[in-house]
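Novice: I'd like to ask you about the structure that follows.
Rule-based calculations on the coordinates, nothing more; no lab input. Not measured: the values here are computed from a predicted model. For neighbour counting, all protein chains shown are included, and Cβ atoms are generated from backbone atoms with ideal geometry for every residue, glycine included.
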Amino acid sequence: MRQHTELEKLSAQPVQSADSFAGTFALQPNKVLKSEAEYGRIMANLGFGTDFSDYMAHATWTAENGWHNKEIAPYGPLSLDPAGAILHYGQEAFEGMKAYRHDDGSIWTFRPTYNAARINMSCRRLAIPEIPLADFMGSIVDLVRADARWVPSAPGSSLYLRPFVFASEAFLGVRAATRYEYLVIASPSGAYFPNGLKPINVFVDRDYHRAGPGGMGDVKTGGNYAASLLPKVTAHDAGFDEVLFMDAATNTNIDELGGMNVFVVMADGSVKTPKLTGNILPGGTRSSILQFLESEGAAVSEETISLASVVDGIQSGDVAEMFACGTAAVVTPIGRLASGDFDVEVPVGEKTAAIYDELTAIQLGHREDRFGWLYKIADA
Ligand SMILES: *Cc1c(COP(=O)(O)O)cnc(C)c1O
């Protein structure tokens with residue numbers, strides 16, 4: 001049996017019902033809700049991360065008052081001092097989650113305590129004050145209840161939730177800030193691949209790394225994404241969709257994509273993913289896939305995976321499939337892997353699609369929730 005990570009253990013602890021968290025963030029009614037026409041236009045053309053709901057959750061931290069002014073406020077621009085520390089030193093952390101509409105109209109989310117534990121892991125590394133579990137859960141419950149009309153029901157759609165916390169103190173000295181803002185915004189989103197799973201082309205970058213030993217590779221923070229953008233632009237220009245980053249210490253082992261973990265499916269049916277070294281973000285999707293595959297008796301392993309073994313395996317047929325995974329896209333097959341000195345086509349098989357189907361079926365309540373991952377936010 002694989003050992004559970006600290007995050008997995010924390011997120012497996014029992015958590016109270018949504019009703020017990022409701023009201024943590026006080027509702028400030030929005031007097032200019034989006035019109036029925038605009039609402040209809042948005043919900044009929046769901047993209048990803050382009051449209052936002054009527055509300056946002058917001059709280060402020062100061063040394064005197066801790067987290068206070070917890071509100072569900074009308075969605076809109078923030079006012080931020082130009083000296084705000086986030087703009088200069090990037091002290092911030094974020095999360096990505098989804099709220100799903102089940103067939104009976106009720107609204108659910110998936111492993112919210114994993115995200116709650118992870119944002120606090122990120123906060124600790126970034127010297128940001130932690131967000132109490134009750135405040136994190138309250139922000140999600142109160143926001144989604146206020147924005148319930150924005151939880152879509154079309155196949156593959158969801159209300160994407162983006163909790164984030166950043167340093168707002170106006171001060172240019174370099175130290176941990178003394179004021180922070182915590183927010184959750186919500187974006188109705190359509191199926192990532194409306195026409196079924198579409199394989200992506202992946203460039204393996206050995207010149208740039210997204211993170212290095214002792215850095216923030218296992219922390220969900222904007223700085224890692226900033227480091228991944230130039231490689232991504234370069235790869236895009238060369239016809240690739242995504243970049244696979246290597247471990248910075250040896251430049252021989254695969255780590256993950258800029259915002260998704262990576263899995264390798266072997267021809268013998270076993271499944272492996274790079275082990276968490278401190279440079280790899282501990283994805284909730286990664287964790288869920290490992291847990292349900294293991295429960296079904298599949299041989300799963302977390303190990304050091306050299307790039308050479310992957311490329312050789314693809315060429316010899318030992319590697320049957322590869323996929324990337326994360327909350328936004330769930331599971332994405334990798335159809336091509338290339339770098340300066342190799343360019344190989346990765347077969348697209350049925351295992352990736354089966355994993356996608358199983359995970360989305362649990363999330364939508366179409367399959368038994370054997371692990372207790374679903375969390376009910378609101379009744380129909
Ligand atoms: C968020 C993220 C993932 C995926 O995590 P999930 O919890 O599965 O959404 C993977 N890699 C990076 C770098 C990330 O930021």
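Novice: Under 7 Å between Cβ atoms, at least 6 apart or on separate chains: pull out the pairs that start in the range 273-301 with a residue that is without any contact (Cβ under 8 Å) to a residue 40 or more places away in the chain and closer than 9 Å to N261 by Cβ and end on any residue that is part of a loop (DSSP other than H, G, I, E, B) and within 8 Å of the ligand (Cβ to nearest atom).
Specialist: P274/I280
Novice: Where in the range 54-171 are the helices (runs of 4 or more DSSP H), entirely inside, with at least 3 residues that are among the small types (G, A, S)?
Specialist: Numbers: elements: 85-89, 112-125, 133-146.
Here the list reads 112-125, 133-146.
Novice: Return yes or no: is R145 basic (K, R) and either closer than 17 Å to A12 by Cα or in contact with a strand residue (DSSP E or B) (Cβ under 7 Å, 6 or more places away or on another chain) (or both)? Please lay out each step first, then the result.
Specialist: Numbers: basic (K, R): yes; either closer than 17 Å to A12 by Cα or in contact with a strand residue (DSSP E or B) (Cβ under 7 Å, 6 or more places away or on another chain) (or both): yes.
The answer is yes for R145.
Novice: So if I check each of T109, T113, T178, which one is of a type outside the set (G, A, S) and touching an Asp or Glu at 6+ places or on another chain (Cβ under 8 Å)?
Specialist: Values: T109 fails: touching an Asp or Glu at 6+ places or on another chain (Cβ under 8 Å); T113 fails: touching an Asp or Glu at 6+ places or on another chain (Cβ under 8 Å).
On inspection, the qualifying residue turns out to be T178.
Novice: Name every residue in the range 141-163 that is closer than 20 Å to P129 by Cα and crowded, with 20+ Cβ neighbours inside 10 Å, in order of residue number. First the steps, then the outcome.
Specialist: First pass over the range 141-163, keeping only residues closer than 20 Å to P129 by Cα: 162-163.
Hit for the range 141-163 is P163, nothing else.
Novice: Same structure again: If you check T113 against the conditions, is it within 16 Å of the ligand (Cβ to nearest atom) and over 20 Å from A26 (Cβ atoms)?
Specialist: Values: within 16 Å of the ligand (Cβ to nearest atom): yes; over 20 Å from A26 (Cβ atoms): yes.
Taking the combined requirement at face value, the residue satisfies it.
Novice: Further question: Among G173, G96, G156, which is the only one that is small (G, A, S) and under 19 Å from A57 (Cα atoms)? It would help to see each step written out before you state the result.
Specialist: Numbers: G173 fails: under 19 Å from A57 (Cα atoms); G156 fails: under 19 Å from A57 (Cα atoms).
Residue meeting the stated conditions: G96.
Novice: Can A354 be described as surrounded by 20 or more Cβ atoms within 10 Å (Cβ to Cβ), over 22 Å from G258 (Cα atoms) and among the aliphatic types (A, V, I, L, M)?
Specialist: On the way: surrounded by 20 or more Cβ atoms within 10 Å (Cβ to Cβ): no; over 22 Å from G258 (Cα atoms): yes; among the aliphatic types (A, V, I, L, M): yes.
It is false that A354 is surrounded by 20 or more Cβ atoms within 10 Å (Cβ to Cβ), over 22 Å from G258 (Cα atoms) and among the aliphatic types (A, V, I, L, M).
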